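Here's the structure we're looking at; comments come further down.
The values are calculated or read from the model by the stated rules, or taken from the named source; none is laboratory data. The model shown is predicted, which means the values in this text are computed figures rather than measured ones. Ideal geometry is used to build each Cβ from the backbone, glycine not excepted, and the neighbour counts take in all protein chains shown.
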Amino acid sequence: MEVVIVEIDGEAGVTVRAEGVAGPGCRTLTAGIEASLGRTTGDRPTPELYQEAPADAGLAAGRR
């Protein structure tokens, strides 16, 4: 299951994280939220980014 988690800390810092998405689809999944929030101050890829995405991952990540 693909999940996007948005966390807001006490100083209004926002973290956007995708779980359950292998390969670069995580960036596609979170791109709209990140663009809406404004400037990105950091990027910490998880090991899932470097995993091979399944063949049908394009549809699951909204790339139809």
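Tabulated values for the structure
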read-out: Filtered residue count, region 6-55, keeping only those that are surrounded by fewer than 14 Cβ atoms within 10 Å (Cβ to Cβ), touching a helix residue (DSSP H, G or I) at 6+ places or on another chain (Cβ under 7 Å) and part of a loop (DSSP other than H, G, I, E, B); value: 1
read-out: Check on Gly62, closer than 15 Å to Glu2 by Cα, modelled with pLDDT under 90, of a type outside the set (A, V, I, L, M, F, W, C) and part of a loop (DSSP other than H, G, I, E, B); value: yes
